Amino acid sequence: MLEQAYGPMTIRFFILQAHYRSTLDFSNEALQAAEKGFMRLMKAIAQLEALQAGSTSTLDVAELSDRCHLAMEEDMNTAKLIGHLLSGVTQINNVAEGKESITETDLEALKTLYQGYVFTVLGLTLPETDSRSDEITNDLVELILQLRNDAKANRDFNTADRIRDGLSDLGITVKDRKDGADWEIH
Amino acid sequence: MSKRLYIYNTLTRKKEAFDPINPPFVGLYACGPTVYGDAHLGHARQAITFDVLYRYLLFLDYKVRYVRNITDVGHLEDDADEGEDKILVKARLESLEPMEVVQHYMNRYHLNMASLNVLPPSIEPRASGHIIEQQELIVKIMEAGYAYEVNGSVYFDVNAYHEKHPYGQLSGRKIEDLLSNTRALDGQSEKRSPLDFALWKKADPAHIMRWPSRWSEGYPGWHLECSAMSTKYLGMQFDIHGGGMDLLFPHHECEIAQNVAGYGKPSVRYWMHNNMITINGQKMGRSLGNFITLDELFAGDHTRCWNRLMVP
């Protein structure tokens, strides 16, 4: 019945994505979708901190704020609220990519809006990351890729391929570059 | 920020502007768990729903007293006041004291709620700690003529109540329909009508969760604790009472009848009910055996449940 583990915040997000008076059907697909939505929201909040303010705003923060407020005012519609917050995420990403811009004042208002609704009202928290084990994972993958580079330098392509395939089985994709390799965990 | 809030009131079946009795204070009561097993997704939904309401009221600058109870006595296996106490059954199965079962599952519930970032309530009263308050309410209900004693047990007289006050308003059920849908009482029953419910039950010799009373050594009926504890901490009239839709009938319906019978008027302004979690369209519940506990979700392992289903 369970395809994977789901973090407490994924479950909280899954529950809040429905209005409390609607039934909510459990499925792995629905929880996986909730996990994606939650991560998307959290990434955007982290991104907010790094956004560069510009001289004009293409975002209407006051309007977004009104919509969020209205969603909660109307019988605590967390489903609608999350919908509005996610539509704001698209715009936050646009600003990060330089497709839209935001003034300093609007940026501060946007941060307050997301902090207030996401953390204070919806009670979501940033996903727990274990920074020490993340660090070890990074160093280990770097070490293994170093050994693979050495194997390639010795024309031991058998070993090099075994390492690449082994990492791939663990969900780590390796992309070879001229000056080494990039890698990514899925 | 404007403080407007519209709440769907189950009692009136309408969205109503929220207008607290004594602003900026808000009294909020929500039914907590009966602690005889691990919390599942359904518990999470109820707790998170009223946690967000609590958080939002605080966000709107209300001063909120949030009471969420723990049911540790009186919740029988069967809604018709038959069967055994759920906690007692578990205690016998595991060779534990009933209060060990209660403590164990209450601790685990608190851990699960902390993981889900559900704020602890302002007060978390336990039914077993409020036996005197429950007995006092029974006396009031009897004095008002809405309860009767048989062989040391006390029952609420729904027909006597219904002659003066409408019974079934919250759930929208009619007495006549309820009667035609209820099994007739067998000769053994102490009740005058199948709709009557226990306020106090005399304990069988084997029933170890028992307290002295003027009627018998026994234990309170399940519906009583919420009436007694909500008014003790929130006053005779308070703002919001919440719970899962599965509690609407009979639990909350009986609660209203008890308050009106004992205190002369209803206590709750707004009734709020969260809907159920379904799995393949069927309600998820402990009694249906299709539930997934929170610990299983967090671990991604549901084998325990399958084992249990295979070994009845």
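Considering only residues that are closer than 24 Å to B:TYR66 by Cβ and either buried (at least 17 other Cβ atoms within 10 Å of the Cβ) or touching a Ser or Thr at 6+ places or on another chain (Cβ under 6 Å) (or both), which ones fall in segment B:128-161? B:SER128, B:HIS130, B:ILE131, B:GLU133, B:GLN134, B:LEU137 - these are the residues of segment B:128-161 that are closer than 24 Å to B:TYR66 by Cβ and either buried (at least 17 other Cβ atoms within 10 Å of the Cβ) or touching a Ser or Thr at 6+ places or on another chain (Cβ under 6 Å) (or both). Taking segment B:1-15 as the range and being more than 7 Å from chain A (Cβ to nearest Cβ), at pLDDT 95 or above and either in contact with a Cys (Cβ under 7 Å, 6 or more places away or on another chain) or open to solvent by 50 Å² or more (accessible area, probe 1.4 Å) (or both) as the test, the residues that pass are B:LEU11, B:THR12, B:ARG13, B:LYS14.
No other residue among A:THR56, A:THR10 is of a type in the set (Ser, Thr, Tyr) and within 9 Å of chain B (Cβ to nearest Cβ) apart from A:THR10.
Scanning segment A:72-82 for residues that are without any contact (Cβ under 8 Å) to a residue 12 or more places away in the chain and assigned to a helix (DSSP H, G or I) turns up just one, A:GLU73.
When you scan segment B:145-161, how many residues do you find that are within 21 Å of the chain's Cα centre (by Cα) and either under 16 Å from B:PRO220 (Cβ atoms) or not in a helix (DSSP H, G or I) (or both)?
The qualifying residues number 7.
Checking the structure you have, find out if any residue of segment B:36-50 is open to solvent by 20 Å² or more (accessible area, probe 1.4 Å), within 26 Å of A:ILE82 (Cα to Cα), of a type in the set (S, T, N, Q) and within 11 Å of chain A (Cβ to nearest Cβ). Yes; the residues of segment B:36-50 include at least one that is open to solvent by 20 Å² or more (accessible area, probe 1.4 Å), within 26 Å of A:ILE82 (Cα to Cα), of a type in the set (S, T, N, Q) and within 11 Å of chain A (Cβ to nearest Cβ).
If you go through segment B:109-127, how many residues are outside any loop (DSSP other than H, G, I, E, B), more than 12 Å from every other protein chain (Cβ to nearest Cβ) and open to solvent by 20 Å² or more (accessible area, probe 1.4 Å)?
Count: 3.
Restricting attention to segment A:98-121, the residues that are surrounded by 15 or more Cβ atoms within 10 Å (Cβ to Cβ), β-branched (Val, Ile, Thr) and under 30 Å from B:PHE50 (Cα atoms) total 2. Residues in segment B:238-279 that are of a type in the set (S, T, N, Q) and not in a strand (DSSP E or B) were compared, and the one that is surrounded by the fewest Cβ atoms within 10 Å (Cβ to Cβ) is B:ASN275.
If you go through segment B:33-47 one residue at a time, do you hit one that is without any contact (Cβ under 8 Å) to a residue 60 or more places away in the chain, β-branched (Val, Ile, Thr) and part of a strand (DSSP E or B)?
Step one: filter segment B:33-47 for residues without any contact (Cβ under 8 Å) to a residue 60 or more places away in the chain, giving B:34.
From what is left, the residues that are β-branched (Val, Ile, Thr) are B:34.
Filter again for part of a strand (DSSP E or B), leaving B:34.
Scanning segment B:33-47 turns up at least one residue that is without any contact (Cβ under 8 Å) to a residue 60 or more places away in the chain, β-branched (Val, Ile, Thr) and part of a strand (DSSP E or B).
Looking across segment A:30-71, the residues that are assigned to a helix (DSSP H, G or I), open to solvent by less than 40 Å² (accessible area, probe 1.4 Å) and over 23 Å from B:VAL52 (Cα atoms) come down to A:LEU48, A:VAL61. The set of residues in segment A:26-49 being modelled with pLDDT under 95 and within 9 Å of chain B (Cβ to nearest Cβ) consists of A:PHE26, A:SER27. The residues of segment B:1-32 that are among the hydroxyl-bearing types (Ser, Thr, Tyr) and assigned to a strand (DSSP E or B), listed by number, are B:TYR6, B:TYR8, B:TYR29. Cβ separations smaller than 9 Å between residues 6+ apart or across chains give the following pairs from segment B:273-298 residues that are more than 10 Å from chain A (Cβ to nearest Cβ) and free of Cβ contacts under 8 Å to residues at least 60 places away in the same chain to residues that are part of a loop (DSSP other than H, G, I, E, B) and not polar (S, T, N, Q): B:SER287/B:GLU77.
From the list A:VAL141, A:VAL95, pick out the single residue that is in a helix (DSSP H, G or I), outside the structural domain of A:ARG12 (by TED's automatic domain parsing) and either surrounded by 17 or more Cβ atoms within 10 Å (Cβ to Cβ) or in contact with a strand residue (DSSP E or B) (Cβ under 8 Å, 6 or more places away or on another chain) (or both). Walk me through how you get there before you give the answer.
Values: A:VAL95 fails: outside the structural domain of A:ARG12 (by TED's automatic domain parsing).
So the residue among A:VAL141, A:VAL95 that is in a helix (DSSP H, G or I), outside the structural domain of A:ARG12 (by TED's automatic domain parsing) and either surrounded by 17 or more Cβ atoms within 10 Å (Cβ to Cβ) or in contact with a strand residue (DSSP E or B) (Cβ under 8 Å, 6 or more places away or on another chain) (or both) is A:VAL141.
Here A:THR78 meets the list (1) within 14 Å of another protein chain (Cβ to nearest Cβ); (2) among the hydroxyl-bearing types (Ser, Thr, Tyr); (3) open to solvent by 70 Å² or more (accessible area, probe 1.4 Å) almost entirely, failing just condition (3).
The values are calculated or read from the model by the stated rules, or taken from the named source; none is laboratory data. Since we're looking at a predicted model, the values are computed, not measured. Neighbour counts run over all protein chains shown; Cβ positions are idealised from the backbone, glycine included. With ligands, DNA and RNA removed, areas are computed over all heavy atoms of the protein, side chains included. Shrake-Rupley method; radii C 1.70, N 1.55, O 1.52, S 1.80 Å.
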